[in-house]
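J.: Okay, handing you the structure first.
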Amino acid sequence: MVDTNRGKEMKYFTILIFLIWIHFMSDFILQSDSMAKNKSSKLLWLSFHCLIYSIPFFIFCFSFYTTFRSAFIFTFIIGISHFLIDLVTSKVNEKLYKNNKRYWLFVDIGFDQALHLTIIFLAFKYIY
């Protein structure tokens, strides 16, 4: 007898691992130096960062695991939340960096990442 719940749990676990790596790639590797430097002061750069951030999520979700509608809703949720989170944390990070508050800078970066991953996990639970 095959344990279908175990297979489903492994599929979801695998998807979540992929989503964590997509987040890392999208939020760090695909973020240009110009985006990183300017997103705290210019909404255009923040918007561009969030657009670039969202595209790999949509491609992954639509290509492998879901319908266009579900992929779009998932991507919209994480894209908008990413914008709102970075709107605040990028400004805080800039002030902490300029004031040489390295400990609190890394606390805020960790907080930023925890918020992003929480949203990804909650959106995944909602969509799937």
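J.: For the chain, calculate the relative contact order in percent as a whole number, restricting contacts to Cα pairs under 8 Å that are 6 or more residues apart.
T.: Relative contact order, the chain: 23 percent.
J.: Calculate how steeply helix 68-98 sits against the longest principal axis of the alpha-carbon atoms of the chain, using the helix alpha-carbon long axis, and give the answer as 0 to 90 degrees to the nearest 10.
T.: 30 degrees
J.: Here is a follow-up. Round to the nearest 10 and give me the degree value, 0 to 90, for the angle of helix 102-127's Cα axis relative to the longest principal axis of the chain.
T.: 30 degrees
J.: Given a Förster distance of 30 angstrom, what is the FRET efficiency for Lys125 paired with Ile52, based on the Cβ-Cβ distance and rounded to 0.05?
T.: Approximately 0.75, to the nearest 0.05.
J.: Using a Cα-Cα cut-off of under 17 Å, which lysines could be cross-linked to Lys8, ignoring same-chain neighbours fewer than 8 residues away?
T.: In chain and number order, the partners are Lys125.
J.: Suppose every Lys and Arg Cβ carries +1 and every Asp and Glu Cβ carries -1, with no other charges. What dipole size does the range 4-127 come out with about its Cα centre, to the nearest 20 debye?
T.: 100 debye
J.: Next question, about the same structure. With r as the distance between the Cβ atoms of Ser41 and Phe13 and R0 = 35 Å, compute the FRET efficiency 1/(1 + (r/R0)^6) and round to 0.05.
T.: Efficiency, from the Cβ-Cβ distance: 0.35.
J.: Report the label-to-label distance for Asn100 and Phe64 in nanometres (one decimal), using points 7 Å from each Cα along the Cα→Cβ vector.
T.: The modelled label-to-label distance comes out at 4.5 nm.
J.: Excluding same-chain residues fewer than 8 positions from Lys101, which lysines have a Cα within less than 17 Å of its Cα?
T.: Lys91
J.: Helix 43-60 versus the longest principal axis of the chain: what is the Cα-based angle in degrees, 0 to 90, to the nearest 10?
T.: Relative to the chain, helix 43-60 is tipped by roughly 20 degrees.
J.: Separate question: Once you have the Cα-Cα distance between Gln113 and Ser34, take 0.36 nm times their residue separation minus that, and quote the gain in nm to one decimal.
T.: This chain segment gains 26.4 nm when fully extended.
J.: Taking +1 at the Cβ of each Lys and Arg and -1 at the Cβ of each Asp and Glu, which of Ile52, Ser34, Ile73 sits farthest along the dipole of the range 7-128 towards its positive end, judged by Cα position relative to the Cα centre?
T.: Working it through, the farthest residue towards the positive pole turns out to be Ser34.
No lab work stands behind these numbers, since they all come straight from the coordinates. Given the structure is predicted, the values throughout are model-derived calculations rather than measurements. A quick note on method: Cβ atoms are made from the backbone with ideal geometry, for glycine too, and the neighbour counts reach across all protein chains shown.
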